[in-house]
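The values are calculated or read from the model by the stated rules, or taken from the named source; none is laboratory data. Here the structure is a predicted model, which means the values were calculated and not measured. Neighbour counts are summed over all protein chains in view; Cβ atoms, including those assigned to glycine, are modelled from backbone coordinates with ideal geometry. Protein only, heavy atoms only, side chains kept; ligands, DNA and RNA dropped before computing areas. Shrake-Rupley method; radii C 1.70, N 1.55, O 1.52, S 1.80 Å.
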Amino acid sequence: APYPAHALSASGVGALSSDAHMRVRTPFRCSPHPCEYEIAFVSDVEGDLDYFNRWVAGSRCVAYTGSDEAALTLTHARAYFVYGGDVPDHGRGSEQLLRLLVGLKRAFPRRVALLVGNRDLNKLRLTSECAPSDLARPHWSIPAPHWDPSAPTLSQHLEQVAAARGGGAQARRLRSWRRRQRRRRRR
């Protein structure tokens, strides 16, 4: 075969290669015959908008629609885009990057795939944990996350934080308040 097996996509119509010095993956032709599709892939940008802008500048499939970099587009009818996950993290551009990717997915729903990474998932839980119905509950009634059996409950976490900050008295008051709340609930 003219290309290594790992260079061929599952469908055989596109392929991806990676540059060892960058996190960028760029599309290339997978055989002497023209490919039916051209696929661009990037992953783990983690909020680094400058990095993503450099990646877009080098992409043959994805481009900004204008000079203000407010929206993305696919550059031709055979272009497809896959984002491999981990959009937000410490980078300052997390929110803008999320908006760009969602806008591209809405514009090209059949040609854009957005995969979810671990950093994306741990941000998604905020939408459920910060819902008004959850915020109205007493903190001691909120269970630990079901996906992590070793994680503390919110009450346990607050007690740990108070104790770590030298809040011995605060921690005792918190436990006392919690006991009173439980007694009231039983009545």
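Cα extents for the stretch 31-127 along the principal axes, largest to smallest and rounded to whole angstrom: 46, 28, 22. For the stretch 77-168, the alpha carbon positions stretch 64, 26, 23 Å along the principal axes, listed from largest to smallest. Taking each residue as 0.36 nm, the span from ILE142 to ALA164 lengthens on full extension beyond its C-alpha to C-alpha distance by 5.8 nm.
A Förster radius of 30 Å, combined with the Cβ-Cβ distance separating LEU114 from LEU135, puts the computed FRET efficiency at roughly 0.60. Among 49-58, 136-145, 36-45, the peptide with the highest mean count of other Cβ atoms within 10 Å heads the list, and the full ranking is 36-45, 49-58, 136-145.
Of the accessible area of the stretch 53-162, computed with a 1.4 Å probe over protein heavy atoms only, carbon and sulfur atoms account for 57 percent. Protein heavy-atom accessible surface, 1.4 Å probe, per residue over the stretch 35-187: 64 Å².
Working with all protein chains in place, sort ARG92, ARG173, ARG111 by solvent-accessible area computed with a 1.4 Å probe, largest first.
Sorted descending by solvent-accessible area, the residues read ARG92, ARG173, ARG111.
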